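Asks: Handing you this structure, nothing more for now.
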Amino acid sequence: MAIDLSVRGMALTLLGLRPIQKLLPPAVRGRGVIICLHSIGERQHGNGFAPMSGFRLRPSFLDGLLRSLRKASTPIVALRDVPAALSQPAGDPFVCFTFDDGYRDNWEIAWPIFRRWEAPFTVFLTTDFIDGTVPMCWSLLERCIASQDHFYLSDGERHWDWPTKAIEEKQACFAIVDELFRCSTRHVAQRLSADLRSRYGEDLWEAARLDALDWNNVREMAADPLVDIGAHSLSHPLLGQLDCVEALREIAGSKAVIEREIDRPVPHFAFPFGDDRAIGRDGVALACEAGFDVALTTRRDVLRASDVGRLHELPRITLDSRYETLAPVRAQLSGAPAAVKRLIRRRG
Ligand SMILES: [Zn+2]
């Protein structure tokens, strides 16, 4: 494992040391933290083009993190218990685990690890991916761009092409097309996906589709008391870029699809992408209107007692491959990096 020698990396490592953490005031540590994860698996080092690999964490890291939390007797709570935990008088800060998007490895690799440690978690599903009507668009893009020296795309009205021979060209192309998918309505995203399927072949399309869970995987996990299933929109757009009718269809539609498939209420939602741009002006109100009890963002912060009054925009801390050692994770869970960021923003 490479040691992060950047100033940020060293600061996080220092903040992760237990003696330093004991000096932090309780207000910084908060009441708990909701962790946002995506994919669990070994990373493949192919030709160096793997823009999504940062969202994949190694199984041994996840196992080590759960072991360390259990060893420290840190409470690991289910998302359904977070509102009650926030309302209680202050106790030890808790940790709550969530997974976004619906990667198949959540069922295949992560679930057995959570079972080993008897730890609860929630999986948020983008239902078009689970239905198999379209693959995870970023998985499909990654595969198509990796395999091509020149990349063409059309939605029927607009046409694009980029040279994608060099790794820098592949990266630039991925960034542009990923943004194109993010800002598209569900209908346009489906057209783009169909265009990729016809241009680059069934095999790449099918391989990307298999990155997602299917409904049998979901129902199997939903039967486990350790697992909750939440909604994460129909097609994973930037909701803030859609009009209210379209955004509500994405939010409420995914809830209805999952409830039909698993035959139980789905009270939790996670905003796709989850930052301010993704939530938009109306996202929080729409999540309430769709009937969710709790909605999660990816605004990076720990939870405070006051968050009990803001259950439709709870912050989370996303762990990506930059945090694959325990010290920086402990630093993030301490709340100190978020507190420093708030301080800088206030002074700036
Ligand atoms: Zn997502």
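Asks: Scan segment 260-315 for residues that are touching a Gly at 6+ places or on another chain (Cβ under 7 Å) and among the polar types (S, T, N, Q) and jot them down.
Replies: Thr297, Thr298 - these are the residues of segment 260-315 that are touching a Gly at 6+ places or on another chain (Cβ under 7 Å) and among the polar types (S, T, N, Q).
Asks: Among all residue pairs at least 6 apart or on different chains, which show Cβ distances below 9 Å where the first residue, located in segment 288-301, is over 12 Å from Glu313 (Cα atoms) and the second is buried (at least 20 other Cβ atoms within 10 Å of the Cβ) and among the β-branched types (Val, Ile, Thr)?
Replies: Cβ pairs passing all conditions: Glu289/Ile251; Ala290/Ile251.
Asks: Moving to a separate point now. Is segment 166-183 home to any residue that is surrounded by 14 or more Cβ atoms within 10 Å (Cβ to Cβ) and within 28 Å of Glu259 (Cβ to Cβ)?
Replies: Taking every residue of segment 166-183 in turn, at least one turns out to be surrounded by 14 or more Cβ atoms within 10 Å (Cβ to Cβ) and within 28 Å of Glu259 (Cβ to Cβ).
Asks: Hey, another quick one. For segment 80-121, give me the residue count where each residue is within 16 Å of the ligand (Cβ to nearest atom) and assigned to a helix (DSSP H, G or I).
Replies: Final tally of qualifying residues: 3.
Asks: Applying the selection to segment 247-280, what residues are acidic (Asp, Glu), under 20 Å from Phe121 (Cα atoms) and open to solvent by less than 50 Å² (accessible area, probe 1.4 Å)? Don't jump to the end; show me each part of the working.
Replies: Here is the first cut: in segment 247-280, the residues acidic (Asp, Glu) are 250, 259, 261, 263, 275-276.
In the following step, the residues that additionally are under 20 Å from Phe121 (Cα atoms) were identified as 259, 261, 263.
Listed by number, the list holds a single entry, Glu261.
Asks: Tell me which residues, restricted to segment 77-103, are open to solvent by 20 Å² or more (accessible area, probe 1.4 Å) and either of a type in the set (Val, Ile, Thr) or under 25 Å from Gly41 (Cβ atoms) (or both).
Replies: Within segment 77-103, just Val77 meets the criteria.
Asks: Then there is this: Identify, please: which residue in segment 134-155 is open to solvent by 70 Å² or more (accessible area, probe 1.4 Å) and in contact (Cβ under 8 Å) with a residue 40 or more places away in the chain and is, among those, farthest from Ile251 (Cα to Cα)? Before the answer, list the steps.
Replies: At the first step, the residues of segment 134-155 found to be open to solvent by 70 Å² or more (accessible area, probe 1.4 Å) are 143, 149, 152.
Next, only the ones that are in contact (Cβ under 8 Å) with a residue 40 or more places away in the chain stay: 143, 152.
Details: Arg143: 28, Tyr152: 31 Å.
Going through the qualifying residues, I end up with Tyr152.
Asks: What single numbered condition from (1) farther than 25 Å from Ser147 by Cα; (2) surrounded by fewer than 17 Cβ atoms within 10 Å (Cβ to Cβ); (3) away from the ligand (no atom under 16 Å from the Cβ) fails to hold for Gln241?
Replies: Every listed condition holds for Gln241 apart from (3).
Asks: Pull out all pairs, ordered by first then second residue, where Cβ-Cβ is under 9 Å, the residues are six or more apart or on different chains, the first lies in segment 267-280 and is at positive phi, and the second is in a loop (DSSP other than H, G, I, E, B) and near the ligand (Cβ under 9 Å from one of its atoms).
Replies: Phe273/His236; Phe273/Thr298; Gly274/Thr298
Asks: As an exercise: evaluate Arg158 against (1) closer than 20 Å to Gln44 by Cα; (2) open to solvent by 50 Å² or more (accessible area, probe 1.4 Å) and give the number of the one condition it does not meet.
Replies: Checking Arg158 against (1) closer than 20 Å to Gln44 by Cα; (2) open to solvent by 50 Å² or more (accessible area, probe 1.4 Å), the one that fails is (1).
The values are calculated or read from the model by the stated rules, or taken from the named source; none is laboratory data. Because the structure is a prediction, the values reported are computed rather than measured. Glycine also receives a Cβ, built like all others from the backbone with ideal geometry; neighbour counts cover every protein chain displayed. Just the protein is used for accessible areas: all its heavy atoms, side chains included, with ligands, DNA and RNA removed. Shrake-Rupley method; radii C 1.70, N 1.55, O 1.52, S 1.80 Å.
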